[in-house]
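Step one of this worksheet: look at the structure below.
The values are calculated or read from the model by the stated rules, or taken from the named source; none is laboratory data. Computed from a predicted structure; not experimentally measured. Please note: Cβ atoms are built from the backbone with ideal geometry, for glycine as well, and neighbour counts cover all protein chains shown. Only protein heavy atoms, including side chains, enter the accessible area calculation; ligands, DNA and RNA are left aside. Shrake-Rupley method; radii C 1.70, N 1.55, O 1.52, S 1.80 Å.
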Amino acid sequence: MSRIKPLMLSLVLGAFAVDAHAQDEAQHWVSDQLPTYVRSGPTDGYRIVGTLDSGEPVTLLERQNDYSRVRSQDGDTVWIPSRYLQDTPSARSRLPELQTRVDELTSELDGINQEWEQRVADMKTTLDERGQRIEELEARNAELNSAYGEAQETVRGLEARLDTQEQDLLMRYFMYGAGVAGAGLLVGLIVPHLPRRRKRRSGWF
């Protein structure tokens, strides 16, 4: 039992050491502040052995005081002031990507503008056509209203003539009936006064 505990402790410490080593070797970038001198040791007393370009990606190995030991893309291991490191890409290194994105958005925006302008032109054409059609329909409606008014006047005139003709016809019928009745009355008065023929007696008697 006493041997297991030291073994477990060693495994836990080893895991922490691996995790710390992985964190130390995380990728970083040199900031945009220039010049960025690098030294052979973790203090200002060590000699300058070169520089690192702004935005250059490096691998962080360890930190000591105000310095960090990094591995450059060329594989050189140097010390750099920690204030010149950042955990995100620098603006300079991201500039080509940002420019590409700007170009893509600009192209997309131009396409949207062209599409929108075409849609606006189509809508304007449609509105003009509808406006012209409305004007034609209004003119046709005015013609129909005028024709309807004339038809109404004609119908009124025909109705008036029909009423007059009906009255004339009734008057004629009345006069004809009155004439027939008067003639019948006259015949009725004259017939009783007409002389009657005497019947001849037969010679056989």
Among the residues in the stretch 70-90, are any modelled with pLDDT of 90 or more, aromatic (Phe, Trp, Tyr) and part of a strand (DSSP E or B)?
yes
For the stretch 43-58, name all the residues that are out of contact with any Lys or Arg (no Cβ under 7 Å at 6 or more places or on another chain) and either in a strand (DSSP E or B) or open to solvent by less than 20 Å² (accessible area, probe 1.4 Å) (or both).
GLY50, THR51, LEU52, PRO57
Kindly indicate which of LEU109, LEU61, LEU95 is in a helix (DSSP H, G or I) and at pLDDT 85 or above.
LEU109
Of all the residues that make up the stretch 145-190, how many are more than 60 Å from the chain's Cα centre (by Cα) and either surrounded by 10 or more Cβ atoms within 10 Å (Cβ to Cβ) or not hydrophobic (A, V, I, L, M, F, W, C) (or both)?
28
